[in-house]
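See structure below.
Where a number appears in this text, it was derived from the coordinates with a stated rule and is not lab data. Computed from a prediction, not measured in an experiment: that's the story for all the values here. Every residue, glycine among them, receives a Cβ derived from its backbone with ideal geometry; neighbour counts consider all protein chains shown.
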Amino acid sequence: MQERQYERRELSDLSYERRRQLEGYRKEAEGLEEIRILCPICQKTVDIVFSDARGHKRIKCSRCRKDFVITLPRFRIKRR
């Protein structure tokens, strides 16, 4: 199987509409708090989510190689 090669793109390569959409996402997240999700085994940061995140998330720790499913509202341990 051949490995895919992806072309590196810059923000300036995107269309005006796509750049405007990304800017809107950034503005929406400005007032939100970032929350670090830590591995329950080794305490390594595995992801960072915003305070409005809800639902379930599958995480895999790159340090201890364990795979977990977490519920985001219950996993708010460390705040950045």
task: Order the peptides 56-63, 36-43, 25-32 from the highest to the lowest mean number of other Cβ atoms within 10 Å of their residues.
output: 36-43, 56-63, 25-32
- line: Options (1) 1.04; (2) 0.95; (3) 1.08 are given for Rg/Rh (Cα atoms, Kirkwood Rh), and the computed one is (3)
- prompt: Using a basic spin-label model with each label point 7 Å from the Cα along Cα→Cβ, how many nm lie between SER62 and ALA29?
  reply: 1.7 nm
